[in-house]
1. Count, please, the residues in region 63-112 that happen to be open to solvent by 70 Å² or more (accessible area, probe 1.4 Å) and small (Gly, Ala, Ser).
2. It is to be established whether one or more residues within region 26-44 are exposed (fewer than 14 other Cβ atoms within 10 Å of the Cβ) and either more than 30 Å from Val10 (Cα to Cα) or of a type in the set (Ser, Thr, Tyr) (or both).
3. Would you be able to say whether some residue in region 70-88 is closer than 11 Å to Leu107 by Cβ and at pLDDT 90 or above?
4. Picking from Lys44, Lys29, Lys19, which residue would you name as being at pLDDT below 90, farther than 30 Å from Asp108 by Cβ and among the basic types (Lys, Arg)?
Amino acid sequence: MIPTENETRVPVRCVQCGKLIVGGRPDRKFCCPDCKNRWHNRRKYPDKAREVKRVLRILDNNRSILLRMMKLGIFSLDRMSLLYLGFNQDYFTSMQKGRCKTRYSCLDIQYELTPT
């Protein structure tokens with residue numbers, strides 16, 4: 001029995017995720033189109049990915065601070081205490097302006113910043 005091309009081919013791993021590539025062309029570099037797009041985007045926009053990760057880390061930190069306060073039963077806290085805990089009030093996911101108050105969202109938690 002003569003081995004086919006796929007049987008004699010040396011196993012190749014995906015450049016992006018490292019999964020074993022099965023089948024396809026012998027010079028294939030990616031296991032799927034998603035990996036190919038991620039790899040090219042990472043090369044083309046390296047700073048953008050880093051910036052997105054940094055912003056998501058800040059939002060996650062803000063959310064965890066708010067969640068921790070809610071679990072402790074603290075629903076009102078002065079701004080300086082929030083800043084001391086590491087809360088960054090410049091980062092939020094949405095803002096709703098009302099007549100007399102502004103409501104912010106940090107992922108799935110809403111909060112209001114008042115003057116006091």
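1. Qualifying residue count for the region: 1.
2. If we filter region 26-44 for residues that are exposed (fewer than 14 other Cβ atoms within 10 Å of the Cβ), which is where we start, we get 26-27, 32-34, 37, 40-44.
Subset that is either more than 30 Å from Val10 (Cα to Cα) or of a type in the set (Ser, Thr, Tyr) (or both): none.
No, that holds for no residue.
3. No, region 70-88 has no match at all.
4. Lys44
The values are calculated or read from the model by the stated rules, or taken from the named source; none is laboratory data. The structure presented is a predicted model; accordingly, all values stated were derived computationally and were not measured. When we count neighbours, we look across all protein chains shown, and the Cβ atoms used for this are built from the backbone with ideal geometry, even at glycine. These area figures cover heavy atoms from the full protein model, side chains too; ligands, DNA and RNA do not enter into them. Shrake-Rupley method; radii C 1.70, N 1.55, O 1.52, S 1.80 Å.
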